[in-house]
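K.L.:
The structure under discussion is supplied below as structure tokens; questions concerning it will follow.
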Amino acid sequence: MTERGVEELHLRLKREAEGSGYHLNPDEEFTLEIVKGLIKNEKRYGYWACPCRLASGNKSEDLDIICPCDYRDADLADFGSCLCGLYVTEDWIAGNMPKIPVPERRPVERSTEAFESQVTKEKVVVWRCRVCGYLCAREQPPEVCPICKANKERFEQFTLK
């Protein structure tokens, strides 16, 4: 892992995050360590397993923790930061949210049957961007629409009639 490779991936992640309405942690030293962890896990497992979680090495079992993980958006909505601290919100950066540890959301039981039964029991909320029509299923709308960059105030709950 070369320093240049780490910096190139960091810039790529930053460009992709900002292009989709997300923000990387502005603490460059911290963020570069997370990027190094992603590179290390890619060499080890063949995919970007979150460096703050224990991966199994079986990609199908780890799909939920491949960066950006399935828990990122809920963590950002509730805490302003994802578990590993790579992704953060504008409010977190501005100091409008307390910088507290983010609890682990990943279920202890990751069997297919347990996961499917959990998904079917939960009520799924779908948000629609009123500007471009982008749809996303999650507890809260994104801070910024990844398509047209409209703020989250421009989202509405989407329901079929």
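The values are calculated or read from the model by the stated rules, or taken from the named source; none is laboratory data. Please read these numbers as outputs of a predicted model, since none were measured by experiment. In this analysis, Cβ positions are derived from the backbone assuming ideal geometry, glycine residues included, and neighbour counts consider all displayed protein chains.
K.L.:
Suppose we filter the stretch 117-134 for residues that are among the basic types (Lys, Arg), assigned to a loop (DSSP other than H, G, I, E, B) and either surrounded by 10 or more Cβ atoms within 10 Å (Cβ to Cβ) or at pLDDT 90 or above (or both); how many remain?
P.N.:
Let us first name the residues in the stretch 117-134 that are among the basic types (Lys, Arg), namely 121, 123, 128, 130.
Then drop every residue that is not assigned to a loop (DSSP other than H, G, I, E, B), which leaves 123, 130.
Then keep just the ones that are either surrounded by 10 or more Cβ atoms within 10 Å (Cβ to Cβ) or at pLDDT 90 or above (or both); that gives 130.
Total satisfying the criteria: 1.
K.L.:
Quick check: anything in the stretch 19-26 touching an Asp or Glu at 6+ places or on another chain (Cβ under 8 Å) and free of Cβ contacts under 8 Å to residues at least 60 places away in the same chain?
P.N.:
No: the stretch 19-26 contains no residue that is touching an Asp or Glu at 6+ places or on another chain (Cβ under 8 Å) and free of Cβ contacts under 8 Å to residues at least 60 places away in the same chain.
K.L.:
Go through the stretch 135-161 and give me each residue that's assigned to a loop (DSSP other than H, G, I, E, B), hydrophobic (A, V, I, L, M, F, W, C) and free of Cβ contacts under 8 Å to residues at least 40 places away in the same chain. Give the steps one after another, and end with the answer.
P.N.:
Step one: of the stretch 135-161, the residues assigned to a loop (DSSP other than H, G, I, E, B) are 138-143, 145-150, 158-161.
Now restrict to residues that are hydrophobic (A, V, I, L, M, F, W, C): 145, 147-148, 150, 158, 160.
Those that are assigned to a loop (DSSP other than H, G, I, E, B), hydrophobic (A, V, I, L, M, F, W, C) and free of Cβ contacts under 8 Å to residues at least 40 places away in the same chain: ILE147, CYS148, ALA150, PHE158, LEU160.
K.L.:
In addition: Out of everything in the stretch 67-81 that is buried (at least 18 other Cβ atoms within 10 Å of the Cβ) and hydrophobic (A, V, I, L, M, F, W, C), what residue ends up being nearest to CYS145 (Cα to Cα)?
P.N.:
Per the criteria, the residue is LEU76.
K.L.:
Oh, and also: Taking the criterion of being surrounded by 14 or more Cβ atoms within 10 Å (Cβ to Cβ), more than 20 Å from TYR71 (Cβ to Cβ) and either assigned by TED's automatic domain parsing to the domain that holds GLU90 or not hydrophobic (A, V, I, L, M, F, W, C) (or both), would at least one residue in the stretch 138-147 satisfy it?
P.N.:
Checking the stretch 138-147: not a single residue is surrounded by 14 or more Cβ atoms within 10 Å (Cβ to Cβ), more than 20 Å from TYR71 (Cβ to Cβ) and either assigned by TED's automatic domain parsing to the domain that holds GLU90 or not hydrophobic (A, V, I, L, M, F, W, C) (or both).
K.L.:
Here's something else I'd like to know. Go through ALA114, ALA137, ALA74, ALA150 for me and flag whichever is within 25 Å of ASP27 (Cα to Cα) and at pLDDT below 95.
P.N.:
Going through ALA114, ALA137, ALA74, ALA150 in turn, just one is within 25 Å of ASP27 (Cα to Cα) and at pLDDT below 95: ALA74.
K.L.:
Taking the conditions exactly as written (closer than 24 Å to GLU143 by Cα and surrounded by fewer than 17 Cβ atoms within 10 Å (Cβ to Cβ)), does ASP64 satisfy them or not?
P.N.:
Judged against the criteria, ASP64 is a match.
K.L.:
As an exercise: evaluate VAL88 against (1) surrounded by 16 or more Cβ atoms within 10 Å (Cβ to Cβ); (2) over 18 Å from GLU139 (Cα atoms) and give the number of the one condition it does not meet.
P.N.:
Condition not satisfied by VAL88: (2).
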